[in-house]
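Visitor: I have a structure here, written as structure tokens, and I will follow up with some questions on it.
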Amino acid sequence: MTRLLVALAAIIIALIFRNEAAGYPRVAAQLPKLITSVMIGLALLAIVQQLLAWRQVTDGASRYALTMPSWPRIRDGSVFVALIILYAWAITSIGYLIATPAFLLSSLFIARATKPWIILLTAAIVTLAIWVIFVNFLRLPIPLFPRI
Amino acid sequence: MPDSFLMIGLINVLDPINIAAILLGTLIGMFIGAMPGLSATMAIALLLPLTFSFRPETGLALLASLYLGAMYGGSIAAILLRTPGTPAAAATVIDGFPLAQQGKAGKALGFSLTASLIGGLLSSIVLLTVAPLLGALVLNFGPVQIFAIAVLGMTIIGSLSTGSAVLGLLAGALGLLLGTIGMDPTTGTPRFTMDNLSLFGGVPFTVALIGLFSVPQAIRLIVDGDKAKTMTEDAPGGMVKTVSKIKDRMLPTGRQFIEMLPNSLRSGVIGVIVGLIPGTGGDTASWFAYNEAKRFSREKEKFGTGHTPGIVAPEAANNAVVGGSLIPTIALGIPGSSATAVLLGGLMVHGILPGPTLMTDHGAVTYTLLWAVFFANIALFVVGIMFTRACISVTKIPNRVVGPVIIVLSIIGAFAINNSVFDIWLMLGFGFLGFLLDSCKVPTPPLVIGLILGPVLDTSLQQSLLIGGGSWMVFFESKISAVLLVIAFLSILQATPLFRWIGIGLRRVRSSQQS
Amino acid sequence: MKQRMYLACASALAIATAAPLAAQDMQYTAANEVTVLQGFAAGGGSDALAQLVQPYLAEVLGVNFVNQYLPGATGAIAWTRLAKQEPNDGTIISITNTPMLMTNYLMNPAITYTIEELTPIANVVTDPGLAVVSPNSPLETFEDMLNAARDNPRTLTVGNSGVGGDDFFTSVMFERAAGVEFQKVPFQGDGPSMTAAMGDSIDVSFNNVGITYPQIAAGNLRALVVFSEERIPELPDVPTARELGYDVVAGSSRGYSAPAGMPDDIRDQLVEGLRIVTENPDFQAAAAAQAMNIDFIGGDDYTAFLENQFVEFSAIWEEVKDDVQNQ
């Protein structure tokens with residue numbers, strides 16, 4: 001079933017790119033058109049493979065089965081992903097020195113990664129180490145504080 | 001003349017300041033490479049301005065050993081954390097990480113280190129001896145030949161697809177498609193950039209790599225904790241990660257060393273040749289070497305499960321590339337790769353122009369650099385042994401702590417390459433893509449290769465057709481490209497059952513003749 | 001008469017000796033630290049200029065320069081930021097390359113800055129364009145190249161450093177002036193274009209003097225013509241296009257600019273500072289060692305220079321763009 005979904009997604013992506021490339025000059029569109037054609041061909045091949053495989057499976061329901069991960073894993077994963085996106089946004093608006101400890105503390109506490117004092121220590125060390133090496137020494141132009 | 005430069009260079013490099021620079025560069029490079037999210041490219045970009053105030057030889061020695069150290073450090077991150085620090089290390093993940101998961105991280109790292117030493121020394125020796133002769137070869141590789149090499153590179157995708165071949169090819173095609181993002185060379189049309197200036201130059205490759213590997217891995221580490229599964233393992237119970245012991249035997253035994261020698265030497269030669277050719281860099285050398293190791297192996301099915309030749313090949317190749325890409329530099333003054341171009345930039349600032357004068361007027365500086373590369377390989381081995389033992393203890397840190405730290409480093413590392421906030425979001429985007437691909441069991445290495453080769457393929461194709469006046473026969477007018485294309489075609493056929501059918505057909509004919 | 005002349009000479013002498021002394025006392029009033037935005041990666045040609053000029057300029061003006069690299073879109077990312085977002089109080093400037101500065105927004109509607117949104121400070125170096133061939137090439141002289149192009153329209157392969165770069169425009173200008181048609185092949189920069197010519201992959205490379213000179217001197221390349229006003233001293237045997245009857249003078253220039261609306265006195269300090277640097281014999285020697293051709297164009301002259309170039313390139317691009325898109 002996943003193979004079918006992947007093939008469909010590939011066809012959609014190929015069509016989107018192909019459509020966009022239609023507006024480009026001939027030379028610029030050459031390779032994208034070629035690649036998207038190949039992608040569509042391969043996707044159709046994958047669909048055919050999946051259909052042939054399904055012929056062998058007599059139990060109708062198991063054909064469409066998708067191995068979904070358990071709810072706890074989905075929940076944990078989504079929370080962490082949300083934190084990551086928040087952190088990326090926060091670095092540029094609130095500044096590195098506030099966003100990084102916030103991210104580390106929140107994700108480590110929520111995941112209950114280890115003892116609280118180790119969490120605090122880790123967040124402090126990582127934030128400080130990167131600050132010393134990258135911002136201080138190498139002068140990386142990353143915003144440190146909230147933009148007033 | 002060259003003989004005395006050889007000696008002068010040797011004496012120069014043995015100067016305590018330069019030796020210190022080599023050791024320091026190796027250590028810093030290794031550290032940077034080993035940090036997930038930080039890359040060799042970033043290291044050089046950030047440290048280059050600092051070297052402007054040093055003497056030319058010292059600055060160069062520092063940068064060269066930094067680069068070598070970072071290449072190896074990237075392998076440490078690849079093996080221990082599945083987050084390659086450099087594109088070249090992405091090939092090491094395939095067999096390195098599974099081996100580490102089996103509790104043999106020390107062995108994986110030890111083999112990696114030894115292979116790096118062999119490959120690096122091979123290319124250093126070539127560099128110090130026959131380089132000027134080989135340099136002239138570089139000029140034979142114009143757009144037409146580079147296109148043929150890129151096509152050959154694409155055929156590797158077939159052999160890298162663990163699991164479904166069709167899905168692997170799809171991933172490769174997607175990589176190629178993403179590689180066309182950016183300004184088209186002939187017409188200057190920005191393709192698929194959605195009017196975003198940061199994409200005009202194409203997808204910055206290292207940023208994509210960091211996203212594809214580090215982010216999904218970090219998510220996995222946090223969600224699964226210390227029960228993180230390997231990529232190929234999907235049994236219901238999962239596989240509990242075995243923490244490697246520090247006292248594990250690291251270096252190969254004498255017998256294992258001799259066994260790995262043919263593989264490393266062949267991979268080293270591949271590294272030197274690929275480094276030599278301008279336009280292809282370290283990124284592709286390790287993949288070519290991996291492919292060849294698999295092709296010549298009698299145990300093809302073991303590749304991808306923690307098979308040591310699968311670690312030895314890319315490691316020997318990516319260290320050999322550093323030397324190889326310096327060959328056109330010293331022979332003709334032309335950079336063989338983007339990293340060498342940066343090194344040359346470091347020279348330009350001191351008034352040393354890339355060109356034939358590198359071997360004549362500035363021969364002393366050049367040969368000091370070459371000897372520095374030689375000694376950097378040795379320093380790498382020595383420092384590597386100590387550093388690696390320390391690194392193995394990293395595996396004791398709980399996964400749930402490592403995950404968020406990887407994210408922080410990845411975001412900073414992605415930003416630092418171009419000082420661009422957009423790159424952070426691009427990296428996360430690729431992270432999301434990588435996560436989707438892994439969940440759908442679509443192999444990621446083909447995507448990586450497509451992304452590397454896409455721009456090369458497109459540029460060289462357009463240039464070749466312009467040179468040939470629109471005729472596709474231009475690829476067969478050159479002996480080199482014709483041969484390479486034929487090899488590529490045969491490689492594709494080898495992957496299909498065609499040869500098997502021919503074999504069966506021939507056997508039937510023979511048996512019918514006998515009866 | 002003679003007295004007035006002596007007086008004039010004496011005062012000129014006095015001023016000449018006083019001026020350097022006065023210059024030592026120059027102090028940049030805008031800030032103690034100036035950020036220099038670089039639109040290209042560290043280690044490239046722009047960086048080489050920065051590393052050469054800025055130490056001298058720092059001494060003259062008594063400030064500290066900090067380089068900030070913002071590579072991407074052939075400088076457009078850095079220059080867009082300079083034009084749109086940065087303060088014009090003299091704390092931030094940038095190295096501006098022509099023709100990239102203008103051709104970026106000329107050729108791409110997505111790029112929105114213009115030279116009106118900048119305060120040009122001064123140009124420092126100009127690298128003249130030239131045409132080179134491989135030593136194995138049957139083209140021995142400029143005449144050969146011209147005849148080959150005339151006899152075989154759209155066949156002679158001429159490499160350049162990329163669409164929108166100086167070599168591309170130089171080849172178009174030459175095509176118009178000589179009435180020929182090349183088969184233009186774009187490369188990713190001067191280096192690959194030069195290498196392709198050296199390896200006989202293309203017939204001719206339109207390139208720049210700075211990067212090709214070492215190869216020419218070593219005999220790995222043959223220079224046919226140079227696109228400057230006068231012959232290059234290092235290449236005395238190479239004719240200029242002008243003296244051969246084709247008025248093509250082109251090259252790539254690099255200088256400094258700041259956001260628009262910079263106060264005049266601050267701008268004058270920078271212009272004066274750069275002028276002093278370019279007249280310093282030590283600096284001149286260092287620049288020559290790096291094959292950089294000093295071409296100081298200060299203040300309003302630089303503004304006029306940029307505007308003229310813009311007009312010239314607009315006209316050319318208008319003519320050529322359909323051909324380029326429809327290849």
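The values are calculated or read from the model by the stated rules, or taken from the named source; none is laboratory data. The structure displayed is predicted, hence computed values, not measured ones. Here the Cβ is made from the backbone with ideal geometry for all residues, glycine too, and neighbour counts use every protein chain on show.
Visitor: Restricting the search to region C:112-134, which residues are surrounded by fewer than 22 Cβ atoms within 10 Å (Cβ to Cβ) and within 13 Å of another protein chain (Cβ to nearest Cβ)?
Guide: Result: C:112, C:113, C:134.
Visitor: Continuing with the same structure: Could you tell me whether any residue of region B:192-202 is closer than 25 Å to residue B:481 by Cα, at pLDDT 85 or above and not charged (D, E, K, R)?
Guide: no
Visitor: Which residue out of B:306, B:384, B:403 is at pLDDT 80 or above, part of a loop (DSSP other than H, G, I, E, B) and within 30 Å of residue B:222 (Cβ to Cβ)? If you could, list the steps in order and put the result at the bottom.
Guide: Working: B:384 fails: part of a loop (DSSP other than H, G, I, E, B); B:403 fails: part of a loop (DSSP other than H, G, I, E, B).
When all the criteria are applied, what remains is B:306.
Visitor: While we're looking at this one, here's another question. Tell me yes or no: at least one residue of region C:131-146 is farther than 22 Å from residue C:317 by Cα, acidic (Asp, Glu), in a helix (DSSP H, G or I) and out of contact with any Phe, Trp or Tyr (no Cβ under 8 Å at 6 or more places or on another chain).
Guide: To start, the set of residues in region C:131-146 that are farther than 22 Å from residue C:317 by Cα comprises C:132-146.
Checking which are acidic (Asp, Glu) leaves us with C:140, C:143-144.
Next, from what is left, pick out any that are in a helix (DSSP H, G or I): C:143-144.
Restricting the remaining residues to those that are out of contact with any Phe, Trp or Tyr (no Cβ under 8 Å at 6 or more places or on another chain) gives C:143-144.
Checked region C:131-146: at least one residue is farther than 22 Å from residue C:317 by Cα, acidic (Asp, Glu), in a helix (DSSP H, G or I) and out of contact with any Phe, Trp or Tyr (no Cβ under 8 Å at 6 or more places or on another chain).
Visitor: Could you list all residues from region B:342-365 that are facing chain C (nearest Cβ under 7 Å) and in contact with a Gly (Cβ under 9 Å, 6 or more places away or on another chain)?
Guide: If the condition is that a residue be facing chain C (nearest Cβ under 7 Å) and in contact with a Gly (Cβ under 9 Å, 6 or more places away or on another chain), then B:342, B:345, B:346, B:348, B:349, B:353, B:355, B:356, B:357 are the ones that fit.
Visitor: Now for a different question. Can you confirm whether residue A:131 is part of a helix (DSSP H, G or I), assigned by TED's automatic domain parsing to the domain that holds residue A:76 and loosely packed, with under 12 Cβ neighbours inside 10 Å?
Guide: no
Visitor: Within region B:442-451, is there a residue that is of a type outside the set (A, V, I, L, M), part of a helix (DSSP H, G or I) and more than 19 Å from the chain's Cα centre (by Cα)? Before you say what the answer is, go through the steps one by one.
Guide: If we filter region B:442-451 for residues that are of a type outside the set (A, V, I, L, M), which is where we start, we get B:443-446, B:450.
Now drop any that are not part of a helix (DSSP H, G or I), which leaves B:445-446, B:450.
Next, from what is left, pick out any that are more than 19 Å from the chain's Cα centre (by Cα): none.
Scanning region B:442-451, I find no residue that is of a type outside the set (A, V, I, L, M), part of a helix (DSSP H, G or I) and more than 19 Å from the chain's Cα centre (by Cα), so the answer is no.
Visitor: Out of the helices (runs of 4 or more DSSP H) lying entirely within region A:1-107, which hold 2 or more residues that are among the basic types (Lys, Arg) and buried (at least 16 other Cβ atoms within 10 Å of the Cβ)?
Guide: Working: elements: A:2-21, A:26-56, A:60-63, A:71-93.
By residue number, A:2-21.
Visitor: Check residue B:341 against each of (1) under 20 Å from residue C:213 (Cα atoms); (2) in contact (Cβ under 8 Å) with a residue 40 or more places away in the chain and name the one condition it does not meet.
Guide: Against the list (1) under 20 Å from residue C:213 (Cα atoms); (2) in contact (Cβ under 8 Å) with a residue 40 or more places away in the chain, residue B:341 comes up short only on (2).
Visitor: Every residue in region B:276-317 that is in contact (Cβ under 8 Å) with a residue 24 or more places away in the chain and of a type in the set (Ser, Thr, Tyr), please.
Guide: Answer for region B:276-317, where residues must be in contact (Cβ under 8 Å) with a residue 24 or more places away in the chain and of a type in the set (Ser, Thr, Tyr): B:280, B:284, B:286, B:290, B:305, B:308.
Visitor: Still on this structure: Can you find a residue in region C:180-193 that is more than 29 Å from residue C:311 (Cβ to Cβ) and of a type outside the set (Gly, Ala, Ser)?
Guide: Checked against the condition, which is being more than 29 Å from residue C:311 (Cβ to Cβ) and of a type outside the set (Gly, Ala, Ser), region C:180-193 yields at least one hit.
Visitor: Hey, can you tell me all the residues within region A:105-148 that are closer than 16 Å to residue B:406 by Cβ, among the aliphatic types (A, V, I, L, M) and at the interface with chain B (Cβ under 7 Å from one of its Cβ atoms)?
Guide: Residues satisfying the conditions are A:108, A:111, A:113, A:126, A:130.
Visitor: May I pose another question? All but one of (1) within 21 Å of the chain's Cα centre (by Cα); (2) part of a loop (DSSP other than H, G, I, E, B) hold for residue B:53; state the number of the condition that does not hold.
Guide: (1)
Visitor: With respect to residue B:63, determine if the residue is within 14 Å of chain C (Cβ to nearest Cβ) and out of contact with any Cys (no Cβ under 8 Å at 6 or more places or on another chain). Lay out the reasoning, then the answer.
Guide: On the way: within 14 Å of chain C (Cβ to nearest Cβ): yes; out of contact with any Cys (no Cβ under 8 Å at 6 or more places or on another chain): yes.
When the stated conditions are applied, residue B:63 passes them.
Visitor: Any idea which of (1) more than 24 Å from the chain's Cα centre (by Cα); (2) crowded, with 20+ Cβ neighbours inside 10 Å is the one residue B:482 doesn't satisfy?
Guide: (2)
Visitor: Here is a follow-up. Let me confirm something: among B:406, B:397, which residue is more than 7 Å from every other protein chain (Cβ to nearest Cβ), free of Cβ contacts under 8 Å to residues at least 12 places away in the same chain and within 30 Å of residue A:129 (Cβ to Cβ)?
Guide: Only one candidate qualifies: B:397.
Visitor: Also, quick follow-up: For region B:107-123, does any single residue satisfy the condition of being buried (at least 24 other Cβ atoms within 10 Å of the Cβ) and either aromatic (Phe, Trp, Tyr) or under 30 Å from residue A:5 (Cβ atoms) (or both)?
Guide: yes
Visitor: With respect to residue C:76, determine if the residue is at pLDDT below 90 and not in a loop (DSSP other than H, G, I, E, B).
Guide: Criteria not met by residue C:76.
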